[in-house]
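Reviewing the structure listed below.
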Amino acid sequence: MAVIWVVGAMQRSETRARESYRLHSEQEVGFLAATRADQRVYKRVAWDPQAFPIVTWRWRLKPITALAGKKRVSPEDDVVAAVFMSLDTDLLVIPVATKYVWSFTKARGTTTEGGFFGATEIVVRTGERPVGEWVEERVNAYEDFKRIHQHDPAAQAWGISLLGGPGVEVDFGPIAVSAR
């Protein structure tokens with residue numbers, strides 16, 4: 001297993017990134033804390049997705065006091081957090097991503113096509129729990145990409161993006177790739 005992203009990211013607006021995303025550590029393990037982030041952060045990370053198709057990460061939801069009693073009306077409001085895996089680019093060299101989502105309401109396994117400009121969304125976790133506990137996700141990003149796009153991804157992945165949902169505080173732990 002190779003850790004490909006522990007902490008550190010880039011965003012279009014560095015000022016907003018500093019306000020919404022902060023680096024922390026617990027027991028010598030780094031993580032990125034997202035507080036009411038409305039824009040994703042990204043990092044260019046290259047790896048061979050065919051040789052290392054399995055991607056694992058940990059995330060932790062904080063208490064959601066900002067959303068207490070709020071009715072979620074838009075798809076963006078339904079996102080607790082998301083991890084985007086960009087395994088290829090299109091003809092204009094724009095990264096093609098799969099969006100792995102922790103959703104408030106959508107059922108685990110729900111897949112929503114992203115269309116021409118959006119990432120296809122796969123729900124990997126549902127609900128507002130657990131709160132305050134690290135939970136680990138494990139996906140086969142290579143197989144998901146092939147199933148969604150009907151072709152193999154590039155020989156080298158493009159990168160990873162992270163997004164905390166609106167009104168949510170969530171921590172993102174190390175992201176790792178492995179052969180199985």
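The values are calculated or read from the model by the stated rules, or taken from the named source; none is laboratory data. The structure displayed is predicted, hence computed values, not measured ones. Reconstructed Cβ throughout: ideal geometry from the backbone, glycine too, with neighbour counts over all protein chains shown.
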- Task: For residue 81, indicate whether it is within 10 Å of the chain's Cα centre (by Cα) and hydrophobic (A, V, I, L, M, F, W, C).
- Result: yes
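Residue-wise test of (1) surrounded by 14 or more Cβ atoms within 10 Å (Cβ to Cβ); (2) of a type in the set (D, E, K, R); (3) in a strand (DSSP E or B); (4) touching a residue at least 60 places away in the same chain (Cβ under 8 Å).
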position: 122; (1), (2), (3), (4): yes, no, yes, no
position: 147; (1), (2), (3), (4): no, yes, no, no
position: 157; (1), (2), (3), (4): yes, no, no, yes
position: 161; (1), (2), (3), (4): yes, no, yes, yes
position: 170; (1), (2), (3), (4): yes, no, yes, yes
- What do you reckon, is residue 50 at pLDDT 85 or above and more than 20 Å from residue 138 (Cβ to Cβ)? no
- Exactly one of 101, 139 is of a type in the set (Val, Ile, Thr), closer than 20 Å to residue 45 by Cβ and surrounded by fewer than 19 Cβ atoms within 10 Å (Cβ to Cβ), and that residue is 139
- Task: Write out, first by first residue and then by second, each pair whose Cβ atoms fall under 6 Å of each other, whose residues are 6+ apart or on separate chains, and whose first residue, in segment 36-55, is in contact (Cβ under 8 Å) with a residue 12 or more places away in the chain and aromatic (Phe, Trp, Tyr) while the second is surrounded by 15 or more Cβ atoms within 10 Å (Cβ to Cβ) and part of a strand (DSSP E or B).
- Result: 42/159; 42/161; 47/4; 47/177; 52/177
- Hey, among 139, 101, 123, 135, which residue is touching a Lys or Arg at 6+ places or on another chain (Cβ under 6 Å) and at pLDDT 95 or above? 123
- Quick one: would you say residue 17 is of a type in the set (A, V, I, L, M, F, W, C), more than 18 Å from residue 119 (Cβ to Cβ) and modelled with pLDDT under 90? yes
- Message: Out of 137, 143, I need the residue that is touching a residue at least 60 places away in the same chain (Cβ under 8 Å) and more than 14 Å from residue 98 (Cα to Cα). Which one?
- Response: 137
